[in-house]
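Each remark here refers to the structure printed beneath this line.
None of the figures in this text is laboratory data; all of them are computed from the coordinates on show. Everything numeric in this text was worked out from a predicted model, so none of it was measured. Virtual Cβ from ideal backbone geometry, glycine too; neighbours counted across all protein chains shown.
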């Protein structure tokens, strides 16, 4: 065998080895675990959410519109306060412009015995607010309505407006009636606690 052939045979394995080194490895699926920090953060969010809903079950909903109302004063010509304006500024955010309320949160005013029945009920709710459980149109609500800082004329206007609007067809009330209700419950220092306390003070809805 010639020296040339022997040299080629010795060089061939080295060439193969170099070629093998140049080749890239076959792709493999590597494990990619979720970062521990992300897992801890997610667990804290879940725990917070569960604890929040657990502590809120059965609790009174702090509902109501606490924004500063825009007072609808009588116009310069001596005209009456516009009840629809007072309603839009102080009531519509919760009870809706349609008077339908929001199921489970804010009771309806349309076709509500609290509105069309004994007018003292609606006046007292606006004057002092109402906390706790009430039933309106067959549905139970458990929330909190804050007292509204309105004058006798404004309360008379807005209560008259809701008693006469939508499907409601009840008589309007006067500022003198509101003044009487204010004087009769001047010792009431906070919101009425549920329907029973308010009914005991001023009578039933019908």
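Observations, loosely collected:
- Segment 83-202: relative contact order as a whole-number percent, Cα under 8 Å and 6+ apart: 28 percent
- Shape call, segment 112-158: gyration tensor on alpha carbons, a/c limit 1.5: oblate
- Mean-position separation - Cα centroids, segment 154-196 and segment 98-151, in angstrom: 11 Å
- Label point distance in nm, residue 84-residue 167, each placed 7 Å from Cα along Cα→Cβ: 2.1 nm
- Prolate/oblate/rounded label for segment 84-206 (Cα gyration tensor, a/c 1.5): rounded
- Here r is the Cβ-Cβ distance between residue 200 and residue 46 and R0 is 41 Å; the resulting FRET efficiency, rounded to 0.05, is 0.35.
- Rounded FRET efficiency, nearest 0.05, which uses the C-beta distance separating residue 142 from residue 189 and R0 of 22 Å: 0.50
- Remark: the residue 39-residue 98 segment gains 16.6 nm on full extension, using 0.36 nm per residue and subtracting the alpha carbon distance.
- Shape category assigned to segment 134-200 from the gyration tensor of Cα positions, a/c cut at 1.5: oblate
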